[in-house]
Amino acid sequence: MSVNKQKLSVYVQSVGLAAPGMNSWTQGQAVLRGEQPYVSEELPRYAPTLLPPNERRRATSVGRLAFQSAEEAIGSCDADAEKLAAVFTSSGGDTDIVNLICASLAKPERPVSPTHFHNSVHNAAAGYWSIATGSRLPSTSLSAFDGSFSAGLMEAAVLCRSELQPVLLVAYDTVPTDPLFPKRPLTAPFSVALLLTPEPTANCLAGLALDYADGLPESTLGDGAMETLRLGNPAARALPLLERLAKGEEASLVLPAVEGIQVSVEISSPLKAVA
């Protein structure tokens, strides 16, 4: 049932994607539309183009993954990144760096690297993004376990509507290494970015009407391999939404949030969004 009566409306201007077998939104659309089968392939190492050389050297695999989708989302529509607010959402942040720090603290001399330390904080990717773009607009970093994408989507939509400005949403998670993997067995890296606007534009992909809900069945994917990917990474819970955006379909979706609460998403076509 619906929790709130008034829905939150925003518009999707562009998308960025980085996942095994879908190295970009351009490539991913063909898979999501069913024009080619999904084949999981290892993501090649990404070199962020916006980061200065020093920060690029310090960036970890998690930061590079977040940048890959974010840079595609703004590049595909020539958005001015300096004028975008941002929401970065990740279930676990940089688990590899956390593991390295914990291993260092277990040694007698406790040799914690300063670079590892500043990469361990949950807003490290957002911090690199602010450095890269020069943006002084609001930036939020959050985590909500398996509901991290939905939490980020609602946070970005609220910021978009309340400030009446475009907001870049970036959701990302990588696969933890041992000994963290058995406790958090994510199966694949995944990153998605959505550029949201408070009003429709001539080039927007769709309109979204968002609300909280409970007691509704969660939206899934018909393709078995894609459904495995969806369940294997919190950021990949965005896949039912991405599938409809790729197909240009109107739809009603239910995405998982936290503690039994869900997010309902009503997708309207681009023509209706700008009507």
Problem set entry | Some residue of segment 15-23 being under 21 Å from V167 (Cβ atoms) and open to solvent by 80 Å² or more (accessible area, probe 1.4 Å) | no
For this session: Mind listing whichever residues of segment 179-200 are of a type in the set (V, I, T) and either farther than 23 Å from L65 by Cβ or surrounded by fewer than 17 Cβ atoms within 10 Å (Cβ to Cβ) (or both)?
Result: T187, T197
Exercise. Taking E266, is it open to solvent by 30 Å² or more (accessible area, probe 1.4 Å) and part of a strand (DSSP E or B)?
Worked result: yes
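How many residues are part of a strand (DSSP E or B) and open to solvent by less than 30 Å² (accessible area, probe 1.4 Å) if we restrict to segment 201-252?
8
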For this session: Read through the list (1) of a type in the set (S, T, Y); (2) out of contact with any Lys or Arg (no Cβ under 7 Å at 6 or more places or on another chain); (3) in a helix (DSSP H, G or I); (4) surrounded by 15 or more Cβ atoms within 10 Å (Cβ to Cβ), then give the number of the only condition that S162 fails.
Result: (4)
Exercise. Any idea which residue in segment 77-122 is surrounded by the most Cβ atoms within 10 Å (Cβ to Cβ), counting only those that are within 16 Å of the chain's Cα centre (by Cα) and in a loop (DSSP other than H, G, I, E, B)?
Worked result: S90
Exercise. So which residues in segment 123-159 are assigned to a strand (DSSP E or B) and either out of contact with any helix residue (DSSP H, G or I) (no Cβ under 9 Å at 6 or more places or on another chain) or small (G, A, S) (or both), if there are any at all?
Worked result: S139, S141
Seminar exercise, completed: Scanning segment 44-66 for residues that are open to solvent by 30 Å² or more (accessible area, probe 1.4 Å) and either among the polar types (S, T, N, Q) or in contact (Cβ under 8 Å) with a residue 12 or more places away in the chain (or both) gives P44, R45, Y46, A47, T49, L50, P52, N54, E55, R58, S61, R64
Exercise. Assigned to a helix (DSSP H, G or I) and in contact (Cβ under 8 Å) with a residue 24 or more places away in the chain: does that describe V10?
Worked result: no
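The values are calculated or read from the model by the stated rules, or taken from the named source; none is laboratory data. Note that the coordinates shown come from a computational prediction; the quantities given were computed from them, not determined experimentally. As a convention, Cβ positions derive from the backbone with ideal geometry for all residues, glycine included, and neighbour counts pool all protein chains shown. In case anyone asks, the SASA skips ligands and DNA or RNA and just uses the protein heavy atoms, side chains included. Shrake-Rupley method; radii C 1.70, N 1.55, O 1.52, S 1.80 Å.
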